[in-house]
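Quick notes on the structure that follows.
Taken together, the values in this text are just the output of simple stated rules run on the coordinates, not laboratory data. These numbers were taken from a predicted model, which means no experiment stands behind them. So basically every Cβ, Gly included, is an ideal-geometry build from the backbone, and we count neighbours across all protein chains shown.
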Amino acid sequence: MKIKVCGLKYSKNIKELTQLPVDYAGFIFYPKSPRYVGEEFEAAIPALFPKSTRKVGVFVNEELDVLLVKGEKYKLDAMQLHGGESVEYCQKVKEAGFEVIKAFQMNDSFQFNSLDEYENVCDFYLFDTKTENYGGSGRKFNWKVLENYKGSTPFFLSGGIGAQDAEQIKQLSHDKLYALDLNSGFELQPAKKNADQLEIFLNKLELNTMNKDKYAVDERGYYGEFGGAYIPELLRKNVDELQENYLKILASEQFKKDYARLLDNYVGRPTPLTKAGNLSKRYGTNIYLKREDLTHTGAHKINNTIGQILLAKYMGKKRIIAETGAGQHGVATATVCALFGLECIVYMGALDVERQAPNVARMKMLGAKVVPAISGNQTLKDATNEAIRDWIANPESFYLIGSVVGPHPYPDLVTRLQSIISKEIREQLEKETGNPNPNYVIACVGGGSNAAGAFYHYLNEKDVNLVAVEASGLGVDSGETAATITIGDIGFIHGSKTMLMQDEDGQITEPYSISAGLDYPGVGPLHAHLAVSGRAQFLSATDDEALNAAKVLAESEGIIPALESAHALAALEKIQFKNDDVVVLNLSGRGDKDMETYMKKFN
Amino acid sequence: MNRIDQLFQNKQKDILSIYFPAGYPKLEDTLPTLQLLQAKGVDLVEIGIPFSDPLADGPVIQSAAKQALDNGMSLQLLFDQLKDARKTIKIPLILMGYWNTVYKFGVDAFLTECQNVGIDGVILPDLPLEEYQEEYKVKFEAAGVHNVLLVTPQTTDKRLAIIEKAASGFLYMVSTAATTGGALQASKEREAYFKKIAALDIPSLIGFGIHDKASFQHAASFSNGAIIGTAFIKALEKGNTSEFLESLQ
Ligand SMILES: Cc1ncc(COP(=O)(O)O)c(C=O)c1O
């Protein structure tokens, strides 16, 4: 079965769709349609599709001359005639060299013998729902009437097909059913298609044969519809400079050598993959812990800072700015700045300065300047705002961001630098079990860097369940939460289009979690994409669930986890594992910094 | 004709533009402040849409925005407050804010409201030019609302050429690499930058760091005029707006 996606207009949206097996792309040239391409539609836009995608112009009772001019200008392959066009008209369009798709409006009493005279002049029919306004109603017609169609011209099935219709479509057995015409059922807004939803639908129909890397960032910095670089012009040059350089530098032999050497000899990689025997017994399955807690400085954050400091060095930067929540990224940044002799300024929410005191002391001892952020809730969001403001005022500085957030290229840059985690998991698991793929990978998500690293090499491995765990604070409905994916919606934060906790006026909501590293109202755009596309499952854990999970790990395995990682551990309670499942849990950091919080709870 | 275009047609020198956040210092102050500004001969006003996380702003505008939000200010309320503004206010009005609030409001609804109340332009610093051109330009133009673009001392010549082509209304020339509220330092490079932008085919106003008569005159000597924000907000806070505006004359 072929797929036609109709009512297209926007180039960015079309670029997303080129990742999908679209056989026909429909552009509406009927001015009364809400999906009308408009007067100034550029000829370059349909051409974004590859040659293999046939471009269809949709017209309603248009002057023949106008139709032919548009056909020429936009290099259309086919004409969909959606009004009361006569046989003679169809004939002329066909003679001009276009494929003809003649639309007819169906209702229960449709007389198919009225089509007989069109048989030889049309390549295809298109059966749409009968409405007053030439289709576009978003409603389906009763597909039973198709049984009455006995003609020989193949047809497109149209009218209100949506994601929920996959099963019913699989049951259709008409031998002239040639293609599905998809439009309003897969839209974010008129003429803007939901590529993620389309993809899931095509997967359900088992039509998605393309094997592209669907979870990689595109050249403009988008994961599906999320990402981009929503920054003031003041930062444009800096961000452009980074966009232009990061892939080149990461791919250079020098970088690869320096990065690998530092990860081995300084960070202490590879980190072990520990089989957690007692924990496995407790949950009746096979649990492996990826021990990022054993890196130098005690969390995965250092994988990223080592890479970015090299980038900064190659780009000739002398002054490093960073934000930090739990202080782990701040410590990891202060550490590499000390190592490379660079000036280091760390912004940290004033509340976090208080609740993560040991890390503040470490940063200071390492020679960094710690600046408390006193706006908002005085947590990670506010620290990030201040770091970005510093960058605006000091454009020659390097902003060393701590998670897979921020404007493009940061989410991709940090994902790549953290991907060492899943690279090692694959090798270690293969040695241990003979299979590099586990059944589950579980990680906590603040901005999402440790999860991105743990998921990365599994993103296109369908048999691996990816589980991301957000912090729900006092509970997702309590108003005191940081469970962005669960309660947020689409918005813009720190230069990225992503899921966001916000009120109805678009003001960003102050988050809450006991864990400073997860206390963030946004989430990296990759994760927004993984959530919306259904590739990853998003769970959440409350403060108490995380605290208890930390205690369980300490007592059963002799490992005190960071409060952030404890949220991932709490998810073990929420999933029904099988005996022979292999579960990898990314233990993103160690709990030294959280001892005061743990003592308060358990003493 | 759009009032911004009319302004630049009638006046090429010493255009004074004032920025202040809606709903500040008191919720109902928006319209009275506009009336005062018009009465004192201000040529153009930028009304700030308060946002929780104003990335490009310094402490004064941040805290003014926070106070406005605490007062209960919102974009919808701003449009309500401006409903009858055009009965008395004849000078061009610009809304300045961050993209998230406009996106959440809905671009179509936003533009309809802009048309209804008589808004002539917007400044949305964090809406990238490429996104604007691809997704929204047609709508803004149809609504007769200028999308005023920023240039900065860091803007490369290559990008400047793109911005110049896309610009509408005037160019907002950011004086220095800084968030709002700093002080403008004169320098050779800065003057070269001002002159380069002023030589373009589109009018420009200089903003960021303009805070008194001297800095206004200095900036205005290189362009069509200048924009004062933080210094006016401080006057709003102190309650000496009339004196402040008169001191600029
Ligand atoms: C140990 C640890 N895990 C997780 C996080 C959350 O960050 P991300 O979601 O980017 O991995 C932090 C952040 O400070 C952390 O310190």
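Highest mean first, what order results for A:44-50, B:21-27 on Cβ atoms within 10 Å?
B:21-27, A:44-50
With the dipole of segment A:52-144 worked out from charges on the C-beta (+1 for Lys and Arg, -1 for Asp and Glu) around the Cα centre, which of A:Y125, A:S86, A:S114 lies farthest toward the positive end?
Ranked along the dipole, the leading option is A:Y125.
Students often check this: by mean Cβ neighbours within 10 Å, which of A:468-478, A:492-502 ranks highest, and how do the rest follow?
Taking the mean over residues of other Cβ atoms within 10 Å, the ranking is A:492-502, A:468-478.
Looking only at other chains, what is the average number of their beta-carbon atoms within 10 angstrom of each beta-carbon in A:442-453?
0
Just to check I understand the Karplus step: with θ = phi - 60° and J = 6.51 cos²θ - 1.76 cosθ + 1.60, what whole-Hz values come out for segment B:115-122, glycine and proline as x?
Per-residue couplings from phi come out as 5, 4, 8, x, 8, 9, x, 9 Hz.
Hey, can you grab everything whose amide H is under 5 Å from the amide H of A:V58? Only 5+ residues off in sequence or another chain; H modelled, so Pro and N-termini drop out.
When sequence neighbours closer than 5 places are left aside, the close amide H contacts are A:F27, A:I28, A:F29, A:Q80.
Only four residue types carry charge here, +1 at the Cβ of Lys and Arg and -1 at the Cβ of Asp and Glu. Report the dipole size of segment A:474-602 about the Cα centre in Debye, rounded to the nearest 20.
420
Let me confirm one metric for peptide B:47-55, namely the mean number of other chain beta-carbon atoms within 10 Å of its residues' beta-carbons.
6
B:A220: net charge of surrounding residues, Cβ under 9 Å, Lys/Arg +1, Asp/Glu -1, itself excluded?
0
Between B:Q217 and B:A199, what is the spin-label point distance in nm, taking each point 7 Å from the Cα along the Cα→C-beta axis?
2.7
How much FRET efficiency would the formula 1/(1 + (r/R0)^6) give for B:K234 and A:K600, where r is the Cβ-Cβ distance and R0 is 45 Å, rounded to 0.05?
Efficiency, from the Cβ-Cβ distance: 0.55.
Using only atoms on other chains, find how many Cβ atoms lie within 10 Å of each Cβ of peptide A:502-514 and report the average.
5
Given the options B:F51, B:A64, B:V138, identify the residue whose Cα lies farthest towards the positive end of the charge dipole of segment B:1-147 (+1 on Cβ of Lys, Arg; -1 on Cβ of Asp, Glu).
B:A64
At 30 angstrom or more along the helix axis (alpha-carbon based) and mean Kyte-Doolittle of -0.5 or higher, what helices does chain A contain? Whole DSSP H runs only.
Span-like helices here: none at all.
Near the amide H of A:G589, under 5 Å away, which other amide H atoms are found, from residues 5 or more places off or on another chain, if H is placed in the peptide plane?
Answer set, sorted by chain and number: A:D293, A:A562, A:S565.
Under the rule a/c < 1.5 gives rounded, and otherwise a/b versus b/c splits prolate from oblate, where does segment A:263-392 land using the Cα gyration tensor?
The shape class here is oblate.
I'd like the GluC sites (Glu not before Pro) in segment A:181-282 restricted to DSSP loop residues with at most 15 other Cβ atoms within 10 Å, sorted by number.
Filter output for segment A:181-282: A:E206, A:E219.
Pick out which of B:F140, B:F105, B:F216 has the largest mean-square fluctuation in a Gaussian network model of chain B, springs linking Cα atoms closer than 10 Å.
The residue that fluctuates most here is B:F105.
Let a ≥ b ≥ c be the square roots of the eigenvalues of the Cα gyration tensor of segment A:1-101; is it rounded (a/c under 1.5), or, if not, prolate (a/b larger than b/c) or oblate?
prolate
What list of ³J(HN,Hα) values in whole Hz, one per residue of segment A:268-278 in order, does the Karplus curve 6.51 cos²θ - 1.76 cosθ + 1.60 (θ = phi - 60°) give from phi, with Gly and Pro shown as x?
x, 9, x, 7, x, 10, 9, 6, 8, x, 5
What is the dipole size for the protein assembly as shown, taken about its Cα centre, with +1 at each Lys and Arg Cβ and -1 at each Asp and Glu Cβ, in debye to the nearest 20?
Result for the protein assembly as shown is approximately 1640 debye, rounded to the nearest 20.
Please state the charge dipole magnitude for chain B, taken about the Cα centre, from unit charges on C-beta atoms (+1 on K and R, -1 on D and E), reported in debye and rounded to the nearest 20.
The calculated dipole for chain B is roughly 520 debye.
Across segment A:25-32, in residue order, what do the Karplus-derived ³J(HN,Hα) couplings come to in whole Hz, using 6.51 cos²θ - 1.76 cosθ + 1.60 with θ = phi - 60° and x for Gly and Pro?
Karplus-based 3J(HN,Hα) across segment A:25-32 equals 10, x, 10, 8, 10, 9, x, 7 Hz.
Using a Förster distance of 45 Å, how high is the FRET efficiency between A:F112 and A:E573, based on the Cβ-Cβ distance and rounded to 0.05?
Between A:F112 and A:E573 the formula returns 0.15.
So how much slack lies between A:S152 and A:V87, counting 0.36 nm per residue of separation and subtracting their Cα-Cα distance, in nm?
The A:S152-A:V87 span can extend by a further 21.7 nm.
Which one, A:S173, A:L342, A:G138, is farthest towards the positive end of the dipole of chain A when Lys and Arg carry +1 and Asp and Glu -1 on their Cβ?
A:L342
What does the highest-first list of A:382-388, A:552-558 look like by mean Cβ count within 10 Å?
A:382-388, A:552-558
Starting from the Cα gyration tensor of the protein assembly as shown, take the square roots of the eigenvalues, sort them a ≥ b ≥ c, and report rounded, prolate or oblate (rounded when a/c is under 1.5, otherwise prolate if a/b is larger than b/c, else oblate).
oblate
Please list the non-local residues whose amide H lies under 5 Å from the amide H of A:K193, H modeled 1.01 Å from N, same-chain partners needing a gap of 5 or more.
Here the answer is A:L188, since their amide H atoms fall under 5 Å of that of A:K193.
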